[in-house]
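Report on the following structure.
Since every read-out is calculated from the coordinates, none of them should be taken as a lab result. Keep in mind that this is a model prediction, so the values were computed, not measured. Please note: Cβ atoms are built from the backbone with ideal geometry, for glycine as well, and neighbour counts cover all protein chains shown.
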Amino acid sequence: MSDYWNKETLVLGCGNVLFGDDGLGPAVIEYFQEHYDIPPQTCVINAGLSVREILFTVVLGENQPRSIIIVDAYDAGRPAGEIFEIDVDDIPKVKIDDFSMHQLPTSNLLRELKQMRSVEVRIISAQTQTIPDEVCPGLSQAVEDAIPAVCEMISEAIAAPKRLVFCG
């Protein structure tokens, strides 16, 4: 993991495994590492609650990856377990009471990487069924069932990254 900032693709699984479906990101990373061959130009990290620190390192470094894929659970009012992407410019400013990638400055770091550094940023999410108010580890069945499909999306994104170019 020590050279993650030098990889072409960085995959970060975000979330707190102690709070139900919020543990989606770490669960996806664990599944991905167990079931997929990770190309040498890709780094896959269980970022847990440390996504901000990792992104600060990437933003401040000389080298940036070509693409960053963030996996995080989110409540968007959809059916539990539904998988969807959130555009970095549309990151909701909710969940401000925890350490999620949705709160500032993390969302600003992602926007800077996309807009000023031409890094492709993809945010893959699954609709939560429940995030408890107190410690209660374990994913709901609906979110756990979404893990293989999320991993397939990651695999496809790694195989065919896009390079974003901003002019102006």
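For the reader, a short list of remarks on this structure follows.
- With K and R counted +1 and D and E -1, the other residues having a Cβ less than 12 Å from that of Leu12 yield a net charge of +1.
- Net charge of the neighbourhood of Glu62, taken over other residues with C-beta under 14 Å away and scored Lys/Arg +1, Asp/Glu -1, is +1.
- Pairwise Cα distances in region 1-98 exceed 21 Å in 35 percent of cases.
- Degrees separating the helix 106-115 axis from the principal Cα axis of the chain, which is the longest one: 40
- Calculated P(r) tail over 28 Å for the chain, as whole % of Cα pairs: 15
- Helix 51-60 and the long axis of the chain differ in direction by around 10°, with both axes built from C-alpha atoms.
- Computed helical MRE - 222 nm, the chain, DSSP H runs ≥ 4 contributing -39500 (n - 2.57), nearest 500: -9500 deg cm²/dmol
- Here the Gaussian network model covers the chain, with springs between Cα atoms less than 10 Å apart; of Val121, Val58, Val135, Val135 fluctuates the most.
- Global form of region 1-53, assessed from the alpha-carbon gyration tensor, a/c cut-off 1.5: oblate
- For Tyr36 and Asp87, the difference between the fully extended length at 0.36 nm per residue and the C-alpha to C-alpha distance is 15.8 nm.
- Near Ile45: Cβ cut-off under 14 Å, other residues only, Lys/Arg at +1 and Asp/Glu at -1. The net charge is -2.
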